[in-house]
1. Within the stretch 115-124, does at least one residue satisfy the condition of being surrounded by 13 or more Cβ atoms within 10 Å (Cβ to Cβ), modelled with pLDDT under 80 and of a type in the set (D, E, K, R)?
2. Can you tell me which of Ile18, Ile47, Ile22 is assigned to a helix (DSSP H, G or I) and either without any contact (Cβ under 8 Å) to a residue 24 or more places away in the chain or not hydrophobic (A, V, I, L, M, F, W, C) (or both)?
3. I'd like to check something: does the stretch 25-41 contain any residue that is surrounded by 12 or more Cβ atoms within 10 Å (Cβ to Cβ) and closer than 18 Å to Glu148 by Cα?
4. Return the pair list, or none, for Cβ contacts closer than 8 Å from residues in the stretch 60-74 that are over 22 Å from Ala151 (Cα atoms) to residues that are buried (at least 16 other Cβ atoms within 10 Å of the Cβ) and of a type in the set (Ser, Thr, Tyr), at least 6 apart or on different chains.
5. Name the residue that is farthest from the chain's Cα centre (by Cα), counting only residues in the stretch 26-55 that are closer than 19 Å to Gly103 by Cβ and of a type in the set (A, V, I, L, M, F, W, C).
6. What are the residues in the stretch 127-140 that are modelled with pLDDT of 80 or more and either touching a Lys or Arg at 6+ places or on another chain (Cβ under 9 Å) or outside any loop (DSSP other than H, G, I, E, B) (or both), if any?
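The values are calculated or read from the model by the stated rules, or taken from the named source; none is laboratory data. This is a predicted model, so every value here is computed, not measured. All Cβ positions, even for glycine, are placed from backbone atoms using ideal geometry, and neighbour counts span all protein chains on display.
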Amino acid sequence: MSFTFKFPPEVLKKLKAIKHDIQAEQRQLSEAVGVDLLSKSQQAYLIKSRGGTGSDGIKWKPLAASTVAKRNRRGKQNTKRNTTKSGKARPMGGSVDIGRDDGFQLSSAKPGYQAPSSKKKHGGNIFRLTNTSITVGYGMSYSKYFDEDRAMLPTVLPQKWRESCEAIAARWLENIFSQLTD
């Protein structure tokens, strides 16, 4: 003995519409998680560039003393003036950020980043989204060489970063389910 229940056409139509809505919303979820990961990687980069340990647990080796001295000499032109002719302060020594010569590498980890026309050959950003994954990173052509000496991103997603992504996904799901019940 058995019986069959068939969903009414209006229920099937509603289920199909919900599936379509969820797929459309999933792109927004991927973008939100990707932007969150880029933000965390940029914050960690800035901390590491100043000699600290990033939230990813990575600390970069310091610059060689000769590199620091070379950067501190830039613009001095053997003069005793503390400013340039235009009034800008001259570098007078002290700390030098690592990996921040022109700022293009750090900027390359922004969504939609395109290198200025003179740097286009060097690359743009890495921000790829699929239905199941998000890839973010530094896209300048020299980033791979920099990364050999000083890891810019962790090989395993840090727990705090993972928890943040999961929280974004949980809020997204709550929003989807609340829309279904309305």
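1. yes
2. Every option except Ile47 fails the conditions.
3. Checked the stretch 25-41: at least one residue is surrounded by 12 or more Cβ atoms within 10 Å (Cβ to Cβ) and closer than 18 Å to Glu148 by Cα.
4. Short answer, once both residue conditions are applied: none.
5. The extreme case among them is Ile47.
6. Residues satisfying the conditions are Phe127, Arg128, Leu129, Ile134, Thr135, Val136, Gly137, Tyr138, Met140.
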